[in-house]
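Scroll down for the structure; my scribbles are underneath it.
The values are calculated or read from the model by the stated rules, or taken from the named source; none is laboratory data. Because the structure is a prediction, the values reported are computed rather than measured. As a convention, Cβ positions derive from the backbone with ideal geometry for all residues, glycine included, and neighbour counts pool all protein chains shown.
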Amino acid sequence: MCANAFRVLGVASSASHAEIKVAFRALAKEWHPDLHHGARKVAAEEKFKQIQAAYQRLLNTHDEAARPSGSVRRKSRNPYGGKSQYGEAGKAGYDPFKGYMNFNASKETTDVRTRVENARHQRMLVCAGAFTVGLLAVMMTSRRDQKKREKGELVDAYWNQVTRRWEIAPATMLKDPLLSTMVHLKPPEMVHKATPNIRRTKSKARTLDGRNADDAYRARQQGHRT
């Protein structure tokens, strides 16, 4: 079979793999069916099949001779690795790159993963450092303002939306958890005395029977309670 294959390709039995490849390409270009027409095309197709079969035979023989002794021949020539060697796709041990053109992406993948992890750690350190610096600044500012408050350089004040000015915060406001968030420390020269509570004047609105609207509302509420 091998002697016939050498004869079909027109090379000597001692020809190297490179010489066999050159001869195959030359014959394939000469006898390719697309380059012939009519009755000659049928003969070219048969000749082309013989050339391909001979080249494949010599290629397999060359691979077997180059394989180390004692090695197990793979059942599949799948360039991505056969099922018997790497396991089924999706299962542990399957590597679609190993064995294909000697391509191994594990080192490159590891380098990329390492760079990503290092960048993430650096961002975490920067955020932690910024948070720590901000917390220390707030604590130092709070201590400084507390000392000034004890000396009378700062007073508790809140912004009155009605009078549009800073006024002294009442004690009830400081005790309330929600209202105390509106209290700030301000210099005494910026703060005014608290505005006295302005009592709401009685409404002048009247009902259809001539009663005051506020009195009618209170009477209606008392009636509901009873």
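Worth pointing out:
- Among the conditions (1) loosely packed, with under 13 Cβ neighbours inside 10 Å; (2) at pLDDT below 80, Y94 misses just one, which is (1).
- Filter result for the condition that a residue is outside any helix (DSSP H, G or I) and loosely packed, with under 10 Cβ neighbours inside 10 Å, over G223, G210: G210
Rundown of residues vs (1) modelled with pLDDT under 85; (2) of a type outside the set (A, V, I, L, M), yes/no style:
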residue	(1), (2)
A12	yes, no
V22	no, no
E30	no, yes
A39	yes, no
A44	no, no
Q50	no, yes
A54	no, no
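- Subset of region 22-48 (residues that are touching a residue at least 24 places away in the same chain (Cβ under 8 Å) and either in contact with a Cys (Cβ under 7 Å, 6 or more places away or on another chain) or closer than 14 Å to F6 by Cα (or both)): F24, L27
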